[in-house]
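*Asks:* Structure below; questions to follow.
Since every read-out is calculated from the coordinates, none of them should be taken as a lab result. Remember, it's a predicted structure, so these values are computed and weren't measured experimentally. Methodologically, a virtual Cβ is constructed for each residue, glycine included, from the backbone with ideal geometry; neighbour enumeration extends over all protein chains shown.
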Amino acid sequence: MNIQKIKNYNHKILAVLGTLLLLIAIISLILLTVFAIDEIGRSYRYNRHDDGILSDEKIVELQKQNKRKQLISYETPKLVDSLNLIYMIPVSHKTLNREEFIEEEYLMELSNDYSLGKKYSQKYYGDFNNLLIYDYQNHNIDKLFEDRVNFESIQTAYFSDEILIFFKASSKDTYKDGVINQLDHKTLFIYSLKTKDLKEIELENADVSEVDFVENSKDLIIKFGIDHNKDGKFDEYSEPTVIKKYDYENGELIDIISQEINIELQKKLEGTK
């Protein structure tokens, strides 16, 4: 009788252990799947950086052969000022599978069949090299850049007296990999629909990492990534960041953390104080 009870008890213990092991295996499989999906996403986002605009050196090389590798492409217009019907048109590009000769008479035929919905978000993603501001009522288009740039997101900020468009863009191949993309140092650009002024905010040997408007103000809090080893790109995992305030009205970049506090904290960290 006792032996049978012991056998039943052992069977129950084994069943519980088996259930626990099965649950652990299922949870491990779910975590592994989530991790794999995340890694694939990271890899995709990283590989997208390869599709920036070609570096100046590469362009010169192609021009000598009268060739090109990329073509201009236009994205769907985004309504940013519904009252005055002002749209922005992101200018992107397509990288050809192989280089082709440039034809002097080349004209790109564009479709006018754009979808202009009334609803729009405040942030737009892509791979852009310019931005056009389209004034529908006055039939006018303004081009923001004369130089070659690359950016992948555009944000709009709405105030009582004006609308601002801002984004982080690279204009030089600082990483020296033959492509101007988001791995290179980025500066912050702010465009006012009201004044049509384009402001550029940059810090030497640094990359614009994060941007946020001060509450109820046009001033900005900007986090810059310092390229400490000066290899042309900012590594968020091994290189430091600094925080600065941008005074929108005066166009000044101001330290939030004083040099005195910075030195004190650094010495305390390294044990020299």
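*Asks:* What spacing in nm lies between the two simple spin-label points modelled at residue 243 and residue 162, each 7 Å away from Cα in the Cβ direction?
*Replies:* Going by the 7 Å Cα→Cβ label model, 2.7 nm.
*Asks:* Could you sort the peptides 177-186, 232-241, 257-266 by per-residue average Cβ neighbour count (10 Å cutoff), highest mean leading?
*Replies:* 177-186, 232-241, 257-266
*Asks:* OK, next. Distance check, please: which entries in 94/123; 69/168; 58/218 exceed 29 angstrom between their Cα atoms?
*Replies:* Working: 94/123 22 Å; 69/168 24 Å; 58/218 39 Å.
Over 29 Å apart, Cα to Cα: 58/218.
*Asks:* Taking H as built 1.01 Å from N, whose amide H comes closer than 5 Å to the amide H of residue 127, not counting residues under 5 places away?
*Replies:* Placed amide hydrogens put nothing under 5 Å from residue 127.
*Asks:* Sticking with this structure for a sec: Evaluate E = 1/(1 + (r/R0)^6) for residue 176 and residue 268, where r is the Cβ-Cβ distance and R0 equals 30 Å; express this FRET efficiency to the nearest 0.05. Could the numbers behind the result be given before it?
*Replies:* Working: r = 36 Å, r/R0 = 1.21.
Efficiency, rounded to the nearest 0.05: 0.25.
*Asks:* Label residue 139 and residue 12 with points 7 Å out from Cα along Cα→Cβ: what is the distance between them in nm?
*Replies:* Going from the residue 139 label point to the residue 12 one covers 8.8 nm.
*Asks:* Next question. Taking every Cα atom in the range 194-273, find the radius of gyration and the maximum pairwise distance Dmax, and write them in Å.
*Replies:* Cα radius of gyration and Dmax of the range 194-273 are 14.9, 52 Å respectively.
*Asks:* First measure r as the distance between the Cβ atoms of residue 101 and residue 253, then evaluate 1/(1 + (r/R0)^6) with R0 = 41 Å and state the FRET efficiency to the nearest 0.05. Show your work: numbers first, answer last.
*Replies:* Numbers: r = 45 Å, r/R0 = 1.10.
About 0.35, to the nearest 0.05.
*Asks:* Let me ask something additional. Have a look at the range 124-273 and give its Rg and Dmax from the Cα atoms, expressed in angstrom.
*Replies:* Considering the range 124-273 through its Cα atoms, Rg and Dmax are 17.4, 64 Å.
*Asks:* Points 7 angstrom from Cα along the Cβ direction at residue 27 and residue 60: gap in nanometres?
*Replies:* Taking the two extended label points, one gets 6.0 nm.
*Asks:* Residue 35 to residue 155: extension gain in nm, 0.36 nm per residue of separation minus the Cα-Cα distance? Walk me through the numbers on the way to the answer.
*Replies:* Working: separation 120, 0.36 × 120 = 43.20 nm, distance 2.99 nm.
Result: 40.2 nm gained on full extension.
*Asks:* Which FRET efficiency value, to the nearest 0.05, is calculated for residue 223 and residue 198 with the Förster distance at 25 angstrom and r the Cβ-Cβ distance? Mind dumping the intermediate values first?
*Replies:* On the way: r = 22 Å, r/R0 = 0.87.
About 0.70, to the nearest 0.05.
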